[in-house]
Amino acid sequence: MSSASQKALLIPSKGANFEIGTRAIPKPGHGQVLVKVHAAALNPVDKYIQKAGVFVDEFPAVAGNDGAGTIEELGEGVTGVQKGDRVLLQGLWVPDRGTFQQYVLGDAVRVAKIPSKYSFDEAATVPLTFATAAIGLYGKKGAARGGAGLARPWTASGRDKYKGNAALIVGGSSSVGRYAIQLAKLSGFGPIITTASSRNAEYAKSAGATHVIDYHTTSYADLPAAVAKIAPSVPLVYDAIASPEAQEASWKILAPKGSLITTLEPSVGKLGEEAEDGKTVHFVFGSSNSPENYYISNDFYDHLTSLLDTGAIKPNRFEKLPGGLAAIPAGVERLGQGKVSGVKLVANPQEGL
């Protein structure tokens, strides 16, 4: 397999346009699997990689952080999966591990079998954004890029642990926000308040939100008052939008000794330090494949198949992009322009080549 070639969507150099090219199909090393990618989901970070070269140390680069497909080859020492298994996995910012190509390497401990009721397209919506939600909520408190340190709800001791505590998820119809809602529900939080457009209100509720505040009619300046009418104390806020205005509102809403998780560099509070009233802010780095996150990502990958199979976690909605790899650049541009709402864009790298 490794002597053969594949088609890949390449970034030739920093700031260069995407172009379809050819790469060798890599050979899985110890503990790795080779996956034939049937579906790859797009993320806003793909635009930053293409435009600014963030996270990339070598060119030509291959972006893509979400993938689903079949295991084609096992590296030495792999157990728990076998050739032919349908799996999902998160990519990494090195050429052999970006998912915008036909074959990708993954670490066997961080792939999850896909329940038969879900398609490759659905499964590809899970890896990056689920990881971002899970690491932010349950990652180590006090780590530079950790999380709120909550008890993990995929364990018996963590399920429903936080009953009676309100949570706010800013951006509940976003891919990260929807998984944050689902996980907050598993943890027992309630009420679960979120912001979303009226068009996506039912979508947010289907994930477990109990109250939806329309951000078109309620500004961030007015959000604290709107939330206070529902819950006078909110000890957990997950800000999946993380604009300065969103963070300022989230910090005001957060109860003393509460935790704010943000997906962008915090503009409120101080990382690693408690405010005078005990509030803390946590900046999440949602890479399952970053060594600093192995302690939690290895754990949730052990449980992800079960969470999906039981319906405790449901994949996000998706929009299929016809045309395979060739369709990805236009989709990435749409994401960069903020023209995608309430869905994940998904392409099939095996299509049209």
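Values in this text are rule-based calculations from the coordinates and carry no lab data. Here the structure is a predicted model, which is why all the values come from computation and not from measurement. Don't worry about glycine lacking a Cβ; one is built from the backbone with ideal geometry, like all the others, and counts go over all protein chains shown.
Values for this structure:
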| read-out | value |
| --- | --- |
| Those lysines that a straight Cα-Cα span of less than 29 Å connects to Lys270, excepting residues fewer than 8 apart in one chain | Lys47, Lys140, Lys141, Lys161, Lys163, Lys185, Lys229, Lys252, Lys257, Lys279 |
| Cα centroid separation - segment 266-316 against segment 91-132, whole Å | 18 |
| Loop-located chymotrypsin sites (Phe, Trp or Tyr not before Pro) in segment 250-353, at most 13 other Cβ atoms within 10 Å (DSSP) | none |
| Counting DSSP beta bridges with both ends in the chain, the antiparallel % (nearest 5) | 55 |
| Summed side-chain charge close to Ile181 - residues other than Ile181 whose Cβ falls under 12 Å, Lys, Arg +1, Asp, Glu -1 | +4 |
| Spatial separation of Cα centroids for segment 152-226 and segment 251-265, in angstrom | 14 |
| Solvent-free Debye scattering, log10 I(q)/I(0), computed from the Cα coordinates of segment 59-202 at q = 0.13, 0.16, 0.19 Å⁻¹ | -0.71, -0.99, -1.20 |
| Neighbourhood charge, 14 Å Cβ-Cβ cut-off, centred on Tyr203 and excluding it, Lys, Arg +1 and Asp, Glu -1 | +3 |
| Amide proton proximity set for Tyr162, modelled H, under 5 Å, gap of 5+ | Gly188, Phe189 |
| Semi-axis lengths, Å, the chain, gyration tensor of Cα atoms, sqrt of 5 times eigenvalues | 34, 21, 18 |
| Cα gyration tensor shape of segment 216-316, rounded if a/c is under 1.5, else prolate or oblate by comparing a/b with b/c | prolate |
| Relative exposure of Arg199, Arg317, judged by other C-beta atoms within 10 Å (fewest first) | Arg199, Arg317 |
| Lys, Arg +1 and Asp, Glu -1 on Cβ, resulting dipole of the chain about Cα centre, debye, nearest 20 | 580 |
| Pairs of alpha carbons in segment 129-283 whose separation is greater than 27 Å (percent) | 11 |
| Nonlocal amide H pairs with His38, under 5 Å, H built at 1.01 Å | Ala68, Gly69, Thr70 |
| Theoretical gain in end-to-end length, Ser197 to Ser306 [0.36 nm per residue, Cα-Cα removed] | 36.1 nm |
| Exposure proxy order (Cβ contacts within 10 Å, fewest to most) of Thr305, Thr99, Thr79 | Thr79, Thr305, Thr99 |
| Segment 93-122: trypsin sites (Lys or Arg not before Pro) in DSSP loop, at most 10 other beta carbons within 10 Å | Lys117 |
| Exposure proxy order (Cβ contacts within 10 Å, fewest to most) of Thr263, Thr195, Thr210 | Thr210, Thr263, Thr195 |
| Sparse-neighbour loop sites [GluC sites (Glu not before Pro); segment 57-134; at most 16 other C-beta within 10 Å; DSSP] | Glu58, Glu76 |
| Helical contribution to [θ] at 222 nm, DSSP H n ≥ 4, -39,500 (n - 2.57), averaged over the chain, rounded to 500 | -7000 deg cm²/dmol |
| Dipole in debye (nearest 20) - segment 129-283, about Cα centre, beta carbon charges: Lys, Arg +1; Asp, Glu -1 | 620 |
| Whole-number percent relative contact order across the chain, with pairs defined as alpha carbons under 8 Å at least 6 apart | 18 |
| Theoretical gain in end-to-end length, Ala16 to Glu319 [0.36 nm per residue, Cα-Cα removed] | 106.5 nm |
